[in-house]
Amino acid sequence: MKTIAYFDATHDLPEEIIMAAGFLPYKILGDVHTSNEPADRYLQAFFCPAARSFLTEAMARSGDWEGIILAQGCNATNRHFDIWKRHVTTPFLHWFNGPSRDDALAHRFMKTEIWRLINALERKFCAGITDEKIASAIRESNVLKRRLQSLSALRGTKDIPNREYFEALVRSMQLPKADAIEEVNAAIARAEQRGPFPSNKRKALLTGSDVTYGEFMDLIDEAGFRIVRDDISEGERYYATLIPEEGEPVDALARYYLTIPKPATKVGIRKRIDYLEQALVQSGLDTVISQNIKFCEAFAYDSVLVNNELKAKGHRVLHVEREFTPGPDNQLMNRLEAFSEML
Amino acid sequence: MNSNKTAPAAPETEQIRIKTVPHAKAIKWPMIWYLLMGQIYTLLPWKKTAWTCAGFPVELLWGFDIFPLHPENMATVAAAQKQSQRLIEHAESMGYSRDLCTYCKTNIGAVDTNIKTTLGGIAKPDIITCTNTICDTHWKWFQIQAEKLKVPFFMFDCPKIVSGTDERTIEGYINYMVDQFYDFFEFVKKHTGKELNVTSMMKASDDSELMSVIWREIFEYRKCAPSPYSSAETSASFFPLVVMPGKKIGIKFFEKIRDDIKKRAETGEGTLSSGTERFRLLFEGIPFWYRMRFMYDLARYRAVVTYEPYTFSFAPPKPFGKNYSESLRDVARVMMDLPYSYNLEKRIVYFEQAIRDYRIDGVILHENLSCRPSSTGMIDLKNAIQEDLGVPVLIIQCDMNDPRAYSEAQMKTRIEGFIELMERNRT
Ligand code: SF4
Ligand code: SF4
């Protein structure tokens, strides 16, 4: 299936429009096993390593894709766009400027940006994007989101390794939705056959920068924690909310993307804290692992206030800054283990 | 008005100095006015203040008779007063990462330790307003502080004009911005009880343009060789443009400076002593506020910074003599398209034009550890300038407010190497 790849800092790009245009939306997540050296020729080493990895992937793989879209999120998206434009070869490079606010004005602007994306795809690919095709893409997305919700619910009762859940999410963002639905169904079936939640593991909520590689989820597991709630994009942010299926589809998409669990890249830290508190209370949790990848400013800025508020509510919070590496991170492991012992 | 282009590079020990303009010290009057007014507006209960950031159109606040307090500016004061390091370290001890902007951390430390205004402290405002046009830091920082101080917060969400954005798209972006202006007016009214006085806002905008015009005129004179004015001085004197655009006391100060420079230009007098200017530099980025001697020390190598986009970017053409709705659209455009946050394609064209206009021999790019947004694209910028114009470019990694990032010996070695490179490039 022909692919349009995208770089969004969290969950910002209405991939349903790409689906309605007849393409596979593929979220660029980079590869932690590949050196960032190609991107580092243009992006300095003190920039977000995940974003450098995304550029490295795009430089290597853009020939496989019909086009690339970058969506407004953090400064890595808007400031790096020009660098992608210079150094990534692609027949179609589009800037999607989703709003950072979430009020009525932002909703109107989001709709304008969605229409601009539709027009750009139609101009370039004669895509014939109709309301019906968008509505159908929305329905398919929602089926996947519902299945992911079911898988997620099993995290607290069954023995599901952190990586297994995480990889189901990644595939949901990179495979055709029908294939992803099948895979998630299979994952649910497997999970239901599994034993109960392991007694030697502690339940925790994961928050902070998006996680783009499974090794980090393994590390948390090895330190004795199972993530049963989270607010990351390769997690609950992707499926916690469903896209409204009634009414005008562009309007519905605009509403959806402004009401998903708030990332640090959007205005509204209070809403982010509220989501976390609600998740902790709903699931009877009191343990939070907060992390940001080195040089991820948006989440690093939030972490102090967010974590202090959670602590003030009686939750136990560990904050760590992590390197972008698949290898063993002893320092990180020590901190996680010390946290576990402390609990 | 010829630069001495043939004399050999002077040894570093010669101690050539920057000659400040006669009215340089008059900057203290606008500064005193600003600090005093800030205190009066803070103390009187019926007066209101707002924290605001670079890139925010202060004229909007003047239209409400709200006094703008500038945390970034006060952070530079803390650095100049040798306070920034302890404030930054204080913020880090609160949990803020070593990798975050040191303006923000200076402010967080200043608020938490409640230091005096003269050392870089800042009063609690009535509202906090900012934009996301220049960086994520501005709004992340202001949002955190608004929560901490329990002060209402407003952010202008400025769409990004990336390379290749067409005019039709920009017009759509402007519509979104204009919607936000009206929202902002409601926000201010709700939280301060103040109504917008359109006439005073338009007057503030016109006066602001008058101030900017003088600053741009000053820059015209800087094209002369030898350069009559350098970055060593502009880094201090541009202050009124940021914090009090359009205020009479600032305009008067600029007029005096402009007249000093004009006189110098007419007599062929440079900021370096006669016949010693050899290298004309462009410096990109925020200066090292805790080590302002850096700019002065360049004189030892007969080098003078004749153009810096940083201070110039505070004087973009502003709406003048337009009607209300046209003005709002113009302000919106300026907010989204500041020279400091130009996209890469525009930035390259802009720099190359400045290099030609100011007859630049070498470019220093400050790769600022605090400021990823302004450091993005620097490698491409460097390559483009070198390839297109053959002008040497030096990237130096440092930080504008954190003395821990500055290594005296390393800086000296790099600058000396660069001077040699420019010398070789000439021959
Ligand atoms: S990890 Fe942080 S800095 Fe990097 S792309 Fe995501 S939000 Fe941006
Ligand atoms: S130094 Fe850079 S990151 Fe910090 S406030 Fe200024 S523009 Fe933003």
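Residues checked against (1) modelled with pLDDT of 95 or more; (2) under 28 Å from B:ARG291 (Cα atoms):
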position: B:LYS48; (1), (2): yes, no
position: B:CYS53; (1), (2): yes, yes
position: B:ASN114; (1), (2): yes, yes
position: B:THR118; (1), (2): no, yes
position: B:ASP126; (1), (2): yes, no
position: B:ASN132; (1), (2): yes, no
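Scanning the stretch A:92-102 for residues that are at the interface with chain B (Cβ under 8 Å from one of its Cβ atoms) and assigned to a strand (DSSP E or B) yields a count of 1. Restricted to the stretch B:224-276, and to residues there that are out of contact with any His (no Cβ under 6 Å at 6 or more places or on another chain), among the β-branched types (Val, Ile, Thr) and touching a residue at least 24 places away in the same chain (Cβ under 8 Å), the residue that is farthest from B:GLU59 (Cα to Cα) is B:THR276. Of the helices (runs of 4 or more DSSP H) contained entirely in the stretch B:59-114, those carrying at least 3 residues that are buried (at least 21 other Cβ atoms within 10 Å of the Cβ) and among the β-branched types (Val, Ile, Thr) fall at B:102-113.
The rows are residues; the columns are (1) within 16 Å of ligand 1 (Cβ to nearest atom); (2) within 8 Å of chain B (Cβ to nearest Cβ); (3) farther than 29 Å from A:ALA178 by Cβ; (4) in contact with a Cys (Cβ under 9 Å, 6 or more places away or on another chain).
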{"residue": "A:THR56", "(1), (2), (3), (4)": "yes, no, yes, no"}
{"residue": "A:ALA71", "(1), (2), (3), (4)": "yes, no, no, no"}
{"residue": "A:HIS87", "(1), (2), (3), (4)": "no, no, yes, no"}
{"residue": "A:ALA104", "(1), (2), (3), (4)": "no, no, yes, no"}
{"residue": "A:ILE114", "(1), (2), (3), (4)": "no, no, no, no"}
{"residue": "A:ASP131", "(1), (2), (3), (4)": "no, no, no, no"}
{"residue": "A:ARG139", "(1), (2), (3), (4)": "no, no, no, no"}
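The set of residues from the stretch B:197-208 being assigned to a helix (DSSP H, G or I) and either surrounded by fewer than 20 Cβ atoms within 10 Å (Cβ to Cβ) or at pLDDT 95 or above (or both) comprises B:VAL198, B:THR199, B:SER200, B:MET202, B:LYS203, B:ASP206. Can you tell me which residues in the stretch B:129-160 are more than 14 Å from ligand 2 (Cβ to nearest atom), of a type in the set (A, V, I, L, M) and assigned to a helix (DSSP H, G or I)? Residues satisfying the conditions are B:ALA146, B:LEU149.
In the set (1) farther than 18 Å from B:PHE219 by Cβ; (2) surrounded by fewer than 21 Cβ atoms within 10 Å (Cβ to Cβ); (3) within 14 Å of chain A (Cβ to nearest Cβ), the condition left unmet by B:LEU338 is number (1).
Looking across the stretch A:73-85, the residues that are within 7 Å of another protein chain (Cβ to nearest Cβ) and in contact with a strand residue (DSSP E or B) (Cβ under 7 Å, 6 or more places away or on another chain) come down to A:PHE81, A:LYS85. Just checking, does the stretch B:321-331 include any residue being within 16 Å of the chain's Cα centre (by Cα), on the phi < 0 side of the Ramachandran plot and of a type in the set (A, V, I, L, M)? The answer is no, given that none of the residues of the stretch B:321-331 is within 16 Å of the chain's Cα centre (by Cα), on the phi < 0 side of the Ramachandran plot and of a type in the set (A, V, I, L, M).
Would you check if there is a residue in the stretch B:131-143 being within 14 Å of chain A (Cβ to nearest Cβ), farther than 28 Å from B:GLN83 by Cα and either surrounded by fewer than 19 Cβ atoms within 10 Å (Cβ to Cβ) or within 25 Å of the chain's Cα centre (by Cα) (or both)? Checked the stretch B:131-143: at least one residue is within 14 Å of chain A (Cβ to nearest Cβ), farther than 28 Å from B:GLN83 by Cα and either surrounded by fewer than 19 Cβ atoms within 10 Å (Cβ to Cβ) or within 25 Å of the chain's Cα centre (by Cα) (or both). Of the residues making up the stretch B:262-298, those that are among the hydroxyl-bearing types (Ser, Thr, Tyr), surrounded by fewer than 24 Cβ atoms within 10 Å (Cβ to Cβ) and closer than 26 Å to B:ILE385 by Cβ are B:THR276, B:TYR296.
Considering the stretch B:161-196, the residues that are part of a helix (DSSP H, G or I) and among the basic types (Lys, Arg) include one that is farthest from the other protein chains (Cβ to nearest Cβ), namely B:LYS189.
If you go through the stretch B:386-410 and pick out every residue that is in contact with a strand residue (DSSP E or B) (Cβ under 7 Å, 6 or more places away or on another chain) and more than 16 Å from ligand 2 (Cβ to nearest atom), you end up with 6. Look through the stretch A:81-116, keep the residues that are of a type in the set (Phe, Trp, Tyr) and surrounded by fewer than 17 Cβ atoms within 10 Å (Cβ to Cβ), and return whichever of them is nearest to A:PHE7 (Cα to Cα). Going through the qualifying residues, I end up with A:PHE92.
Screening A:LYS203 with (1) surrounded by 18 or more Cβ atoms within 10 Å (Cβ to Cβ); (2) in a strand (DSSP E or B) gives one miss only, at (1).
Rundown of residues vs (1) crowded, with 23+ Cβ neighbours inside 10 Å; (2) closer than 22 Å to B:PRO287 by Cβ; (3) at the interface with another protein chain (Cβ under 10 Å from one of its Cβ atoms); (4) not β-branched (Val, Ile, Thr), yes/no style:
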{"site": "B:TYR342", "(1), (2), (3), (4)": "no, yes, yes, yes"}
{"site": "B:PHE351", "(1), (2), (3), (4)": "yes, yes, no, yes"}
{"site": "B:HIS366", "(1), (2), (3), (4)": "yes, yes, no, yes"}
{"site": "B:ARG372", "(1), (2), (3), (4)": "yes, yes, yes, yes"}
{"site": "B:THR376", "(1), (2), (3), (4)": "yes, yes, yes, no"}
{"site": "B:ASN383", "(1), (2), (3), (4)": "no, no, yes, yes"}
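For the stretch B:151-160, a tally of residues being closer than 16 Å to A:ALA104 by Cβ and within 8 Å of another protein chain (Cβ to nearest Cβ) returns 2. At least 2 residues being within 14 Å of another protein chain (Cβ to nearest Cβ) and within 16 Å of ligand 1 (Cβ to nearest atom) is the threshold, and among the strands (runs of 3 or more DSSP E) wholly inside the stretch A:224-343 those reaching it are A:287-293, A:316-322.
Any residue at all in the stretch B:111-118 that's of a type outside the set (S, T, N, Q) and within 22 Å of the chain's Cα centre (by Cα)? Within the stretch B:111-118, not a single residue is of a type outside the set (S, T, N, Q) and within 22 Å of the chain's Cα centre (by Cα).
The values are calculated or read from the model by the stated rules, or taken from the named source; none is laboratory data. Values in this document were obtained by computation on a predicted structure and should not be read as measured data. So basically every Cβ, Gly included, is an ideal-geometry build from the backbone, and we count neighbours across all protein chains shown.
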